[in-house]
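Read the structure below first, then the notes.
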Amino acid sequence: RNDGFVLFHHALNPSLVSTLQSRLEEVLRGQYNRNSPPDKLPKPLTRTKKGKNKGNSNPPGPLGYDGKSQPTRVLQIININKCDEDFRQLAISPEIGRMVAELAGWEHGARLAQDQVWAKPPGAPPLVFHRDSPYFMFTPSDVITVWIALDDMDEELGPLEYVRGSHKWGDGRVGSSSSFFQSENRKLLYSAAKLEGIENPESTLEIVSMAGLRAGGISIHHGKTWHGSGKNRSKDRPRRGLGLHFVPAEVKFTKDARKSSLWRSYVPDDVSDEDLLNTELSEEQFPLVWKRPR
C-alpha cells in the first residue's frame with residue numbers, strides 16, 4: 001500500500017504460459033474457441049505468398065514476425081476472455097480475485113471489469129505513463145490491475161515501469177492520455193509530479209522497472225499508480241502481457257459511462273442516469289470472480 005504495486009514471481013506455471021502464448025497467436029489470426037469476438041482486435045495477421053501482411057495464409061512466428069521486417073505498431077486486444085476459453089478461465093480465477101480483494105481491502109469481493117492484451121513486436125514504441133482509474137466509469141471508483149508477463153521481461157523488451165508511491169498523488173493530472181504511444185512517454189508524468197509539488201521529477205522520482213520478471217510472473221497495481229513502458233529494442237523478440245482490471249463486487253455504472261467508447265455499449269438504453277446507481281451489472285460481461293464469505 002505504500003508502493004502502489006507488488007510483484008509475485010512464478011505465479012503461473014510454464015505449461016499455462018505456453019498455452020496462453022499459443023492461444024494469443026491463434027486469436028490474432030482470427031481463430032476463437034468461444035462464441036463471442038473480443039471487444040477490440042487488430043486486423044488479423046495474414047500474409048500473401050510474397051510474405052506481405054495480407055492474404056489468406058498465416059504468417060510465422062510470434063505476432064507474425066518473419067525474421068526480416070515487421071510493422072512496429074503495438075497490438076491491442078480488449079476482452080480476449082470473450083473469445084478464448086483459456087484466457088477466460090484465467091481472467092475469472094477465484095484465486096486471483098481473492099488476492100485482489102484482500103490486497104485492496106474490498107468488503108464484498110472482486111469483479112472483472114475488463115482485460116487487455118498489449119503485444120509489442122520488435123521496434124514497437126514506448127507506452128505513455130498514465131493511470132488506469134480514469135478510464136473506468138464505475139462507483140465505487142476503485143480499480144486494481146493484475147499484469148501478467150507472457151514473456152521474460154528483459155530490459156531490452158521495454159518492461160512495465162511503476163512510479164513508487166504515485167497512487168497517493170492527487171488528481172491535478174487525472175492520468176489519461178489521448179495517445180498511448182509517444183516517443184516522450186514521461187511528459188504527462190512529469191507534469192503531474194510538478195503539480196504535486198515535486199521538484200525536478202526527471203531526477204527525483206523513483207521509477208521501478210519490472211525487468212527480471214519472468215514469463216508467468218505477475219504484478220498487481222493500484223488504479224492510480226502511474227506506470228508506462230519503454231520501446232521494445234529487441235530485433236527479434238516479442239513483448240507480450242495481459243492486464244486484468246478488477247473493480248469492487250458492488251460497483252455500478254456512473255452516468256459518464258454513456259459517453260465512453262469503452263462502456264456505453266454495456267449501459268442499458270432504457271435506464272435513466274438516476275437509476276444507473278441501482279442497476280446491477282451483467283454477470284456474463286462483468287463476472288464476479290470472488291465473493292467474500294459472510
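The values are calculated or read from the model by the stated rules, or taken from the named source; none is laboratory data. For clarity, every value in this text was computed on a predicted model and none was experimentally measured. Neighbour counts run over all protein chains shown; Cβ positions are idealised from the backbone, glycine included. The area values use the complete protein model at the heavy-atom level, side chains included, leaving out ligands, DNA and RNA. Shrake-Rupley method; radii C 1.70, N 1.55, O 1.52, S 1.80 Å.
Could you check how many residues of segment 104-140 are in contact with a His (Cβ under 9 Å, 6 or more places away or on another chain) and not charged (D, E, K, R)? Number satisfying all stated conditions: 11.
Residue-wise test of (1) open to solvent by 10 Å² or more (accessible area, probe 1.4 Å); (2) in a strand (DSSP E or B); (3) in contact (Cβ under 8 Å) with a residue 24 or more places away in the chain.
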{"residue": "190", "(1), (2), (3)": "yes, no, no"}
{"residue": "194", "(1), (2), (3)": "yes, no, no"}
{"residue": "199", "(1), (2), (3)": "yes, no, no"}
{"residue": "221", "(1), (2), (3)": "no, yes, yes"}
{"residue": "232", "(1), (2), (3)": "no, no, yes"}
{"residue": "241", "(1), (2), (3)": "no, yes, yes"}
{"residue": "246", "(1), (2), (3)": "no, yes, yes"}
{"residue": "281", "(1), (2), (3)": "yes, no, yes"}
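Kindly check whether there is at least one residue in segment 47-63 that is open to solvent by less than 30 Å² (accessible area, probe 1.4 Å), modelled with pLDDT under 95 and in contact with a Pro (Cβ under 9 Å, 6 or more places away or on another chain). Yes, some residue in segment 47-63 is open to solvent by less than 30 Å² (accessible area, probe 1.4 Å), modelled with pLDDT under 95 and in contact with a Pro (Cβ under 9 Å, 6 or more places away or on another chain). For residue 262, the criteria (1) at pLDDT 95 or above; (2) closer than 30 Å to residue 284 by Cβ hold in every case but one, which is (1).
Counting the residues of segment 248-279 that are assigned to a loop (DSSP other than H, G, I, E, B), under 24 Å from the mean Cα position of the chain (by Cα), loosely packed, with under 13 Cβ neighbours inside 10 Å and not hydroxyl-bearing (Ser, Thr, Tyr) gives 0. State whether the residues of segment 208-215 include one that is open to solvent by less than 10 Å² (accessible area, probe 1.4 Å), in contact with a helix residue (DSSP H, G or I) (Cβ under 8 Å, 6 or more places away or on another chain) and either on the phi < 0 side of the Ramachandran plot or without any contact (Cβ under 8 Å) to a residue 12 or more places away in the chain (or both). No, every residue in segment 208-215 fails to be open to solvent by less than 10 Å² (accessible area, probe 1.4 Å), in contact with a helix residue (DSSP H, G or I) (Cβ under 8 Å, 6 or more places away or on another chain) and either on the phi < 0 side of the Ramachandran plot or without any contact (Cβ under 8 Å) to a residue 12 or more places away in the chain (or both).
One residue is enough: does segment 234-250 have a residue meeting the conditions over 29 Å from residue 9 (Cβ atoms) and at pLDDT 95 or above? There is at least one residue in segment 234-250 that is over 29 Å from residue 9 (Cβ atoms) and at pLDDT 95 or above.
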